[in-house]
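Read through the structure below, which is laid out as structure tokens, and then see the notes.
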Amino acid sequence: MASSNDSISKTIIVAVALCLVCSIFVAGAAVGLKPIQQANKDLDRKRNILAAAQMLQPGDDIDRVFANVEKRLVNVAEGRFATDAELAEAGVTVASYNQQAAAKDPALSSSLSGDEDPASIKRRAKFATVYVVKDEDAKARIILPVHGYGLWSTMYGFMALEEDFSTVVGFGFYQQAETPGLGGEVDNPAWKALWAGKEVYNEQGEAVLGLAKGAVDANDPQASHKVDGLSGATLTSRGVTNLVQYWLGEEGFGPFLTKLRSEGV
């Protein structure tokens, strides 16, 4: 006698078959959509880079504008552009290099701890991706990747500097998970606009740019080195200051920027 359609064995067989069919469809969709997702991710990265450099206007073709931007790798510890020979030895290329992934690879990064890690990044990649923009007079702006921990998340962003390699053109984060309405205000266009024209270094060459406690006092002699703090987000504000001063300081891009001032791009 044939078994009942309500039997446990048939129920299990139908359930397993349904799961297999669904997983095949999901896996196929994931594989098929991956190139589109990667293309959208690359486009968003370009958009954020151009926005930091104040190069993007509403309606602009992002790829067309980005054609004026040159991607290069920097040897952070030695404060200079990386050579083709050392990149080949490390097994990386400018086109495919992923700095976030490299920071997790012991062969391509170094560990940080204690006072040497104010931005709480734990590991620093040996090479960092920077972006160079030259105008008609061959003057160059530089766009630097920066990241560091806030209250809840590692915040990733770009800072663009004028041809003096000290004055901020623009600054913004493209990835963060801070508290909406508080630390999440790092995404507020009005707050990001406050960074333009600020000075990174003091007269002694120290990276002192950071967030104030509250609004910046225009009469403060250090006002050019300060940006309004984020109301109600003390730890996020402190994290922003720490990551800016780390990456623009002696352990970050400081030596590289000093070299650019004396030798050019």
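Structure notes:
- Taking 0.36 nm per residue of separation and subtracting the Cα-Cα distance, full extension of the segment from THR234 to LYS41 would add 66.4 nm.
- Between the alpha-carbon centres of the range 171-195 and the range 68-132 there is a gap of 25 Å.
- For TYR246, net neighbour charge (Lys/Arg +1, Asp/Glu -1) across residues whose Cβ lies under 10 Å away: -3
- Short-range pairs are left out: with C-alpha atoms under 8 Å and at least six residues apart, the relative contact order of the chain is 16 percent.
- Counting beta carbons within 10 Å around each of TRP152, TRP247 and listing the fewest first gives the order TRP152, TRP247.
- Close amide-amide hydrogen proximity is noted between ALA177 and SER153, each under 5 Å apart and 5 or more residues distant or on a separate chain (H modeled in the peptide plane; Pro and chain starts excluded).
- Of the DSSP H helices in the chain, those whose Cα atoms cover at least 18 Å axially and whose Kyte score averages 0.5 or more: 8-52
- Straight-line cross-link partners of LYS41 among the lysines, defined as a Cα under 22 Å from its Cα and at least 8 positions apart when in the same chain: LYS71, LYS104, LYS192.
- Amide H contacts under 5 Å for GLY170, placed H, 5+ residues apart: ALA160
- Measuring gaps between exposed loop sites in the chain (trypsin sites (Lys or Arg not before Pro); DSSP loop; at most 12 other Cβ atoms within 10 Å), the longest gap, sites not included, is 105-212.
- Dipole moment magnitude, nearest 20 debye, the range 68-263 about Cα centre, only Lys, Arg, Asp, Glu C-beta charged: 460
Each value in this text was obtained by applying a stated rule to the coordinates, not by laboratory testing. Remember, predicted model here, so these are calculated numbers, not experimental data. Please note: Cβ atoms are built from the backbone with ideal geometry, for glycine as well, and neighbour counts cover all protein chains shown.
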